[in-house]
Amino acid sequence: MMILGIESSCDETAVAITSGNKILSSIVASQNDIHSRFGGVVPELASRRHAEVIFTLLESAFEEAGVTMDKIDGVAVTKAPGLIGAVLVGLSTAKAIAYATGKPLIGVNHLEGHLNAVHLREENVPYPHIGLIVSGGHTSLYLVKDFGKYKLIGATRDDAAGEAFDKVARLLGLGYPGGPIIDKMAPSGDPKAFKFSSPQFRNAAEFDFSFSGLKTAVMLEYKKLTAKNKISDKDLKNLVASFQSTAIGFLVKNILAAAKEYKCKAVVVSGGVAANKGLRANLEEIADKNDLKIFVPPFSLCTDNAAMIAYVGGRYLEKGIMSDLNLNAQAVEEIGV
Ligand code: KG4
Ligand code: ZN
């Protein structure tokens, strides 16, 4: 089945065309240029930029795939969760295309897209597996029993992991988005120089996360270090390395505990933070030690993209599941609660 996918839930406008698990084209227009000076995504600016670029992206996606609209079997689009105005741009566009062409519309949950992006690269991902979505908006752990069968087993109680990277980078005056900057800088510092810790929740079987305490601890340490003089280059690098290693340690600890609890032999990690080199190295290490298979899609499929939306839409359309043209956008929608 050939599917046109559209994604606009945050600050990336994306259009893709897939056929089963093959990507025929996948185009992503990032908005970092307009948001970076604010140190975070400005919702109104995001919606406006989506509306400005989406038609050009559609044309490019068809051109790159070398197909025309008549070959498309369905239009898949992110319906939730996300910035409501941003989601609405993609959803309205998809609805208009579906209405004008008579093709089926399939509304897709963005998180379900992230959890399944791995199938665009890997043929045999075993079920059940543990799925971690770790991005600027989410840090959620799922037991993935099968396609479409998810159980949410852990989520952040405050900041998402990517949000913590971005906030810490802003605090240290390093720039935006903070994740890639901290990732690049961390190897030059000593991860043990500062002792930060992650919270322990009362119930040992809880796989929740929390990053706001860590962010505050980094802030307090930074204030101490800058009370009298400018922070030294060495201290700054050590602070960054210690923060990253604590944040990664927390993610990995919960992944391992969940895999043990649910007797899973495979783990899938997705979302922008999955690009982190320190996290990837740590995951490889635990995979070897614990006889686990770890799947981390390439960066272009970890971050927001429309190919993952088209793939999930195609799976539902195959089962005859599609959406009504009355489909509405939702800012919040969990899967597998
Ligand atoms: O999945 P994504 O592109 O967008 C959503 O949030 O949905 O993730 C963006 C987040 C940002 O917070 C960014 O700082 C973080 O992913 N990120 C990273 C790295 N690359 C991107 N965090 C840590 N290390 C990285 N290499
Ligand atoms: Zn996302």
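Shape summary: the range 136-185 maps onto an equivalent ellipsoid whose semi-axes, from the alpha-carbon gyration tensor, are 29, 11, 7 Å in decreasing order.
The ranking of D33, D304, D183, D158 by Cβ neighbour count inside 10 Å, starting from the fewest, reads D33, D158, D183, D304. Just so you know, the Cα atoms of the range 1-138 work out to an Rg and Dmax of 15.1, 43 Å.
Overall shape: oblate for the range 157-207, with the ratio a/c of the largest to smallest alpha carbon gyration tensor axis at 1.5 or above and b/c at least equal to a/b. Per-residue ellipticity at 222 nm computed for the chain from its helices equals -13500 deg cm²/dmol, with DSSP H segments shorter than 4 residues left out and the rest contributing -39,500 (n - 2.57).
Using all pairs of distinct alpha-carbon atoms, the Kirkwood hydrodynamic radius of the range 275-337 works out to 15.2 angstrom. Of the cross-linked pairs K167/K195; K192/K265; K79/K151; K71/K145, those separated by over 22 Å at the C-alpha level are K192/K265; K71/K145. Put in order of Cβ neighbour count within 10 Å, fewest first, the listed residues M185, M308 become M185, M308. Computed from point charges on the beta carbon alone (+1 for Lys and Arg, -1 for Asp and Glu), the dipole magnitude for the chain about its Cα centre is near 1100 Debye. Footprinting exposure proxy ranking of T216, T18, fewest other C-beta atoms within 10 angstrom first, gives T216, T18.
Here the simple spin-label model places points 7 Å from the Cα toward Cβ, and for N229 and D324 these points are separated by 6.8 nm. Each of S135, T68, L57 was placed along the dipole of the range 56-141 (beta-carbon charges, centred on the mean Cα), and the one lying farthest toward the positive end is S135.
In square nanometres, what is one fourth of the surface area of the convex hull spanned by the alpha carbons of the chain? Mind showing how you got there, number by number?
Details: hull surface 67.7 nm².
Seen from a random direction, the Cα hull of the chain projects 16.9 nm² on average.
Shape of the range 158-250 from its Cα gyration tensor (a ≥ b ≥ c, root eigenvalues): rounded if a/c is under 1.5, otherwise prolate when a/b > b/c, or oblate? Prolate, since a/c reaches 1.5 and a/b exceeds b/c.
DSSP beta bridges confined to the chain are antiparallel in about 60 percent of cases. For the chain, the longest principal axis of the C-alpha atoms and the axis of helix 212-226 are separated by about 50°.
Shape verdict for the range 74-146, please, from the Cα gyration tensor: rounded (a/c under 1.5), prolate (a/b greater than b/c) or oblate. Oblate is the answer for the range 74-146, as a/c is 1.5 or above yet b/c matches or exceeds a/b.
Quick one: dipole size for the range 1-149, taken about the Cα centre, charges +1 on Lys/Arg Cβ and -1 on Asp/Glu Cβ, in debye to the nearest 20. Can you show the working numbers first?
On the way: 11 positive and 15 negative charges, 68 e Å.
Using Cβ point charges on Lys, Arg, Asp and Glu, the range 1-149 gives about 320 debye.
Here the ratio of the Cα radius of gyration of the range 38-113 to 2.2 N^0.38 Å is 1.18. Relative to the compact-globule estimate of 2.2 N^0.38 Å, the Cα radius of gyration of the range 194-337 comes out at 1.36.
Rounded to two decimals, what ratio of Rg to Rh does the range 233-316 give with C-alpha atoms and a Kirkwood Rh?
On the way: Rg = 15.3 Å, Rh = 14.4 Å.
Result: Rg/Rh = 1.06.
Grab the other residues whose beta carbon is less than 14 angstrom from that of A76, score K and R as +1, D and E as -1, and report the net. Value of the local net charge: +1. Straight-line reach from K237: which aspartates and glutamates have Cα under 20 Å away, leaving out those fewer than 8 places along the same chain? Once the sequence-local aspartates and glutamates are set aside, what remains near K237 is E163, D166, D183, D190, E221. Along the positive direction of the dipole of the range 220-337 (beta-carbon charges: Lys, Arg +1; Asp, Glu -1; about the Cα centre), which of N326, P297, L251 reaches farthest? Farthest towards the positive end: L251.
Since every read-out is calculated from the coordinates, none of them should be taken as a lab result. Keep in mind it's a predicted model, so treat the numbers as computed, not measured. Virtual Cβ from ideal backbone geometry, glycine too; neighbours counted across all protein chains shown.
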